[in-house]
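Remarks on the structure that follows.
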Amino acid sequence: MGALQIFILLYLLLTLLVGYWASRRVKNAQDFALAGRKLPLGVSVACLFATWFGSEVIMGSPSEYAENGFLGIIEEPLGAVLALILIGFFFTKKLYRLGLLTFGDLFEKRYNTQIAFISSLIMVLTYFGWVAAQLKALGEVLESVMGLPLFTGMIVGAVVVLIYTYIGGMWAVSVTDFLQSFIIVAGLIAIWWNLSEQISLEAVLAQSPQKYFQVLPERNFSDILAYISAWLTLGLGSIPSQDVLQRILSAKSEKVAVRASFLSAGVYLLITAIPLVITLYARILFPNLLAENSDALMPVLVLQIGGLGVQILFLGALLSAILSTASGAILAPATVLAENIFLPFVKNKTDKTLLWLLRISVVIITFFSLILANMGESIFELASFAASSGLVTLVVPIWAALYLKNPSCLGAMLSMFVGLVVWIVCLIFPIEFLPANLAGFLAGILGMLLGTFFESLKKL
């Protein structure tokens with residue numbers, strides 16, 4: 001067994017030990033789901049940063065950037081930066097003051113129990129693609145380095161994430177996120193430094209085609225709509241994310257939560273730029289790699305050109321990014337599943353019961369996400385599908401719940417239903433000039449307006 005294989009085994013073991021140490025703080029359901037609402041600023045920033053800094057940034061976005069240039073990365077990572085900024089401006093204060101556990105709780109307060117149940121079910125379903133993307137990425141890393149079959153690698157990665165999330169909940173997620181953030185930065189800088197010794201950044205930029213720096217779309221209707229749609233998919237579609245909500249609510253104060261939202265946006269923008277710059281280096285120095293499995297570009301690149309130290313740092317960064325995102329992405333739908341779907345059917349609604357349901361839900365989410373990860377979709381497509389489904393069903397009702405004095409129950413129901421139906425229809429029967437997620441989002445707005453109008457007529 002080589003040094004890299006030993007490092008990965010030790011790293012995974014260390015992650016489990018950190019998770020076990022953090023689990024000693026878990027005394028009740030709030031500790032498990034929200035880390036007791038005690039996280040300081042630095043840890044809160046790391047947690048929010050880790051929400052999206054996963055496989056699609058290190059392995060998916062470079063592939064999109066190599067193929068489609070700047071316009072290919074609007075959705076991710078730039079959409080995530082927009083989401084964090086919008087959350088900081090419009091949502092963090094309101095959500096923190098409400099003292100919620102899930103978005104389902106918000107829907108129950110502002111709409112009714114039925115809408116809370118339906119929205120919670122939708123939210124849980126939207127997460128399977130997101131978690132599957134992380135598990136698939138773990139499998140690809142273990143396949144590249146350990147020589148394991150892809151599905152075996154996914155199983156190993158899933159078991160590691162499952163164990164420390166199961167025992168430690170948000171405490172384990174937050175502590176590991178904080179430590180792993182330093183490894184991510186060190187690993188990415190190490191590989192960039194290694195490549196810069198072979199060719200300067202100025203030379204790389206000079207040899208890169210214009211498409212890698214084209215910020216705006218072509219001046220035609222369909223391209224402009226696609227551009228808007230790309231910004232909205234994560235920029236708005238991630239706002240109803242339960243993992244974002246939990247990380248906001250885990251902060252020790254409202255002020256810390258707001259500051260963490262903005263700081264994490266800046267950190268995310270800076271750090272996600274590094275894999276994209278590395279992609280430009282790879283395009284010039286190793287063009288053959290782009291013609292192969294582009295999702296595995298980064299790990300294969302490092303194994304080919306990096307010394308042992310660089311390889312260890314980068315693989316540590318890659319594993320850190322994937323593990324931190326995967327654990328939070330599993331905990332989030334598990335919390336919704338336990339709080340809003342299972343708990344209403346339980347007679348003995350004690351804190352101990354909720355804690356037990358939370359842990360069982362972690363197992364359920366991991367299992368079904370692993371099945372989806374084995375179905376063969378690319379990492380970027382899995383993550384994009386998850387974000388799009390949230391955009392077309394949940395964004396509009398959440399905005400209405402937070403900003404309208406008397407939000408319409410009928411409007412919320414129609415918004416979710418019409419948005420989802422239009423999105424699915426447009427995926428099956430594409431409209432050339434109108435992206436499916438934009439069509440679904442606009443339909444959701446229309447559904448909310450119509451429902452509000454019809455409900456107001458009943459009150460006359």
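Scanning the stretch 229-250 finds no residues that are farther than 23 Å from residue 128 by Cα and among the aliphatic types (A, V, I, L, M).
Note down all Cβ pairs under 7 Å where the first residue falls in the stretch 166-191 and is more than 22 Å from residue 273 (Cβ to Cβ), the second is surrounded by fewer than 24 Cβ atoms within 10 Å (Cβ to Cβ) and basic (Lys, Arg), and they're at least six residues apart or on different chains. Final answer for the pair search is 166/359; 171/25. Do the conditions hold for residue 385, that is, is it surrounded by fewer than 24 Cβ atoms within 10 Å (Cβ to Cβ) and either modelled with pLDDT under 80 or within 19 Å of the chain's Cα centre (by Cα) (or both)? So residue 385 fits the description; yes.
Evaluated against (1) surrounded by fewer than 24 Cβ atoms within 10 Å (Cβ to Cβ); (2) in a helix (DSSP H, G or I); (3) more than 15 Å from the chain's Cα centre (by Cα), residue 101 falls short on exactly one condition, (2).
Within the stretch 282-294, is there a residue that is among the charged types (D, E, K, R) and either more than 26 Å from residue 132 (Cβ to Cβ) or at pLDDT 90 or above (or both)?
Yes, the stretch 282-294 has at least one match.
Those helices (runs of 4 or more DSSP H) of the stretch 28-70 in which at least 1 residues are at pLDDT 90 or above, considering only elements entirely within it, cover 29-34, 41-52.
Counting only residues that are surrounded by fewer than 24 Cβ atoms within 10 Å (Cβ to Cβ) and touching a Ser or Thr at 6+ places or on another chain (Cβ under 7 Å), which one in the stretch 34-60 is farthest from residue 355 (Cα to Cα)?
Of all residues in the stretch 34-60, those surrounded by fewer than 24 Cβ atoms within 10 Å (Cβ to Cβ) come to 36-38, 40-43.
Add one more test, that the residue is touching a Ser or Thr at 6+ places or on another chain (Cβ under 7 Å), and what stays is 37, 43.
On the way: 37: 16, 43: 23 Å.
By that ranking, first place goes to 43.
Pairing each residue of the stretch 216-242 that is under 19 Å from residue 120 (Cα atoms) with any residue that is aliphatic (A, V, I, L, M) and part of a loop (DSSP other than H, G, I, E, B), provided the two are 6+ apart or on different chains, yields C-beta distances under 8 Å for 240/394. Just one of the listed residues (431, 445, 424) is over 25 Å from the mean Cα position of the chain (by Cα), within 20 Å of residue 230 (Cβ to Cβ) and either aromatic (Phe, Trp, Tyr) or surrounded by fewer than 22 Cβ atoms within 10 Å (Cβ to Cβ) (or both), namely 431.
Kindly check whether there is at least one residue in the stretch 131-143 that is surrounded by fewer than 20 Cβ atoms within 10 Å (Cβ to Cβ) and farther than 22 Å from residue 336 by Cβ. Write out each step before concluding.
Going residue by residue through the stretch 131-143, those that are surrounded by fewer than 20 Cβ atoms within 10 Å (Cβ to Cβ) are 143.
Filter once more, keeping what is farther than 22 Å from residue 336 by Cβ: 143.
Yes, the stretch 131-143 contains a residue that is surrounded by fewer than 20 Cβ atoms within 10 Å (Cβ to Cβ) and farther than 22 Å from residue 336 by Cβ.
The values are calculated or read from the model by the stated rules, or taken from the named source; none is laboratory data. This is a predicted model, so every value here is computed, not measured. No Cβ is skipped: glycine too gets one built from the backbone with ideal geometry, and neighbour counts run over all protein chains shown.
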